[in-house]
Every structure is written in C-alpha cells, then in structure tokens.
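See below for the structure under consideration.
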Amino acid sequence: MTTDGVRLLAVGTSLPGAPVDNAMLARHFGQDAVWEQWIEAFIGTDTRHLAIDLDSGGLLYTLADLAETAGLRALEAANLGPGDIDVVVMGTATPDALMPATVNMVADRLGIDGVPTYQLQSGCTGAFQALDVARNTLLAGHRNALVLGGDVCTRIFGADTDLTALAPEELVNIVLFGDGAGAAVLTTEDRPGAPILHPVSTRLVGLGRTPGQVLEWFTKHERGDDRPPVTEDYKRIEELVPELAEDMLAAIVDDLGWKREELDYLLPPQLSGRMTRRITDRLGVPSATEVSCVSETGNTSNSLPFLQIERLLPRLRAGERAVAVAVESSKWIRAGLALEGV
C-alpha cells in the first residue's frame, strides 16, 4: 500500500455520437441565425453530444451504455480486470431508472460482482461526491475502486420541444446541456506515475438559499401535470456559482497548505463556455493552465470532471499540482479536489 493514501490510476470517458453544432441545433428546432448567434454569445458552447436522435426523438444511448464504455476504457487503461475492483461508486442526476440502480446495471455489464456498490443522486458535484466516497472506502481497507459519473440530460428535454412555448428558464437547458459519462480507477497500491488524489471536499452551502435548478420526477398520477421537467434560475446561477467556486478554491489550497501561485493546472466549473471564462477570471490563478472542455461537449454534468482529468493526466508531471472545482446549483453544493504528480 502506498504511503500517499490514494492514487488515481486511470480515467475513461464516453460521449454519444458525433458533435452537434449550433447551426444543426438551430435547424432542427426551426430557428434562424439570430438564435444560433444567441447561443454563441449567451452560452458560449459550440458543440455538444446527444444521446437522442434529433430526427426521431428516440433514445440511442442510455446512461448505462455510456458508463459501461467509460468503465471499460478506465479499466483497460489501468490494466485491471473486473475481479480487481473492490468497490464501485456512481454519481448521477439522471439514472436510467429509479430501480435497479444504474451503478448495478453497469457493474453487471462489466463483470463486477460480490463488492459494495453505491449510487449518489446529485447534479454537477456528484462525480466529486462519488470520488470522495470511493477514496474514503479505500482508506478503510479496500484496494481498488471504480468511480463512475455521467448524465443523459437530453432524455428529459426531448427533441420535439416547441421552443416558442418555453419560458427563458426552460429554453436555456435546450442549448446548455450535452450527454456523456466518465470513469476513474483509484487505488491504494503504489503505482509509478499515478498522481496522488488528495482528500476530496464536498460541502452543502444551501442553507436559506432557494434552489437554482429543479429536476422533476413525475409519478403515473402526475403525468398530466403542466410543470416543466426542468427549470433553471440562470441569472441566480450566474451570480452565485463564481462566488462559491472562489470559496472552494480557497478552501482546497488552505487545507493543503498550498498557495494559488503554486498551482500548475486549474480545472474550473464547466457550466458553459461563457460562464467558465467568467469563473476562471474571478478565480485569479494566472500561473495555472486552464483545463476545460465544455465549449466542445456542452454541460454534461457528472461526466465533466472525468473529461477534464482525462485531458490533464498526459500533461501532469512529477511535483505539479492541479485543482478541480465544481458547483451544483440545485440546492447549492461546492466541491473540489486536488491532484499532485509524482
């Protein structure tokens, strides 16, 4: 067992289909070039990957499909098989079903059995929460953990939505989100080159704050209800997310005894291309190289940290330090983690 606690062995990700750009999205929904320009100016996202077929509206990929692919890629990159995994943890806001838990369906597909499995219901910080649970479980006596995170948001929004009937807090979701999944393998073994995963921080900071995002669940008796399935207070999110991200970064570096100017890489929240730029400017770490992907992938919620870390790992050298930050706006959670090259 390594004296460093927990190492990050490998990451795998999965995005459905080919990228869908703003022009394709505008054409599908019968919008003009002005709407396309609005996406670019207001959201700042160029492309996203969708698990649904825009023409038919049918679901092409489930969350289990995407998480299975990501999990396989992570295991292969770690040179481990299903029998080497001692615990599986998943974070998602959009499971395929309430029961059985998606984490168990993915474990079954990967050939993993006879181990503890956990599924955490959470938005953009769910991947961090899953990494936190997995890390602490390993320190309690296990060896290897598979951590999964992802969401299929477009399954909820649909491809046949009448945009003219949507309120602004609903319209933003059509262009903001994409679909995807990610996976990471953690270990307590001493593996050369595997970076140290320092303690992960997740904190509920929603006392007295109204939700910034609501994702509904409709029972059979409520299916005729005219409530929208998803609403966002986007202006409130724009106001509060940068503040909470700044608080989280300060807490991470303070807990580790680091200084901001010592950071080599910054993985900021990936709400949208425009918001990520605003947040990065506010965080004020000019010495750190930004690692972002949201302009290309859209907001894929719980897969985003894995997509960022996948881009980070080939660059991270011995002694270099990276911090990742995320904020969930549903009831306001801030989360962060630190990686250190060895």
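Taken together, the values in this text are just the output of simple stated rules run on the coordinates, not laboratory data. Only a predicted model underlies this, so the values are computations on that prediction, with no experimental measurement involved. Positions of Cβ are backbone-derived with ideal geometry, glycine not excepted, and every protein chain shown enters the neighbour counts.
Structure values in brief
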| item | result |
| --- | --- |
| Sites Met24 and Ile156, calculated FRET efficiency, Cβ-Cβ separation with R0 22 Å, nearest 0.05 | 0.65 |
| Nonlocal amide H pairs with Ala10, under 5 Å, H built at 1.01 Å | Val185 |
| In sequence order, calculated HN-Hα J values of region 250-259 (Karplus, 6.51, -1.76, 1.60; Hz; x Gly/Pro) | 4, 5, 5, 5, 5, 4, 8, x, 8, 10 |
| Quarter of the Cα convex hull surface for region 19-136, i.e. its orientation-mean projected area (nm²) | 9.1 nm² |
| Three-way shape call for region 89-159 based on the alpha-carbon gyration tensor, with the a/c threshold at 1.5 | oblate |
| Of all DSSP beta bridges in region 7-187, antiparallel share, percent nearest 5 | 65 percent |
| DSSP bridge pairs, the chain: antiparallel proportion in percent, nearest 5 | 70 percent |
| Per-residue Cβ neighbour rank within 10 angstrom, fewest leading, Cys153, Cys124 | Cys153, Cys124 |
| Label assignment, Rg/Rh (Cα atoms, Kirkwood Rh) derived from the structure, set [x] 0.96; [y] 1.13; [z] 1.04 | [x] |
| Burial ordering of Thr300, Thr289, Thr94, fewest other beta-carbon atoms within 10 Å first | Thr289, Thr94, Thr300 |
| Karplus (6.51, -1.76, 1.60) ³J(HN,Hα), θ = phi - 60°, over region 231-246, in Hz, Gly and Pro reported as x | 10, 9, 8, 5, 5, 5, 4, 4, 6, 8, 4, x, 5, 5, 5, 5 |
| Linear extension gain, Glu239 paired with Glu290, 0.36 nm per residue minus alpha-carbon span | 16.2 nm |
| Nearest-20 debye value, the chain charge dipole, Cβ charges on Lys, Arg, Asp, Glu | 620 debye |
| Whole-Hz couplings from phi, Karplus 6.51/-1.76/1.60, listed for region 283-291; x for Gly and Pro | 5, x, 10, x, 6, 8, 7, 6, 10 |
| Residue-averaged [θ]222 nm for the chain, counting only DSSP H segments that reach four residues, each worth -39500 (n - 2.57) | -9500 deg cm²/dmol |
| Inter-site label distance for Asp226 and Glu189 at 7 Å from Cα along Cβ, in nm | 5.9 nm |
| His49 long-range amide H proximity, modeled H, under 5 Å | Val20, Asp179 |
| Considering only region 196-340, percent of DSSP beta bridges that pair antiparallel, nearest 5 | 75 percent |
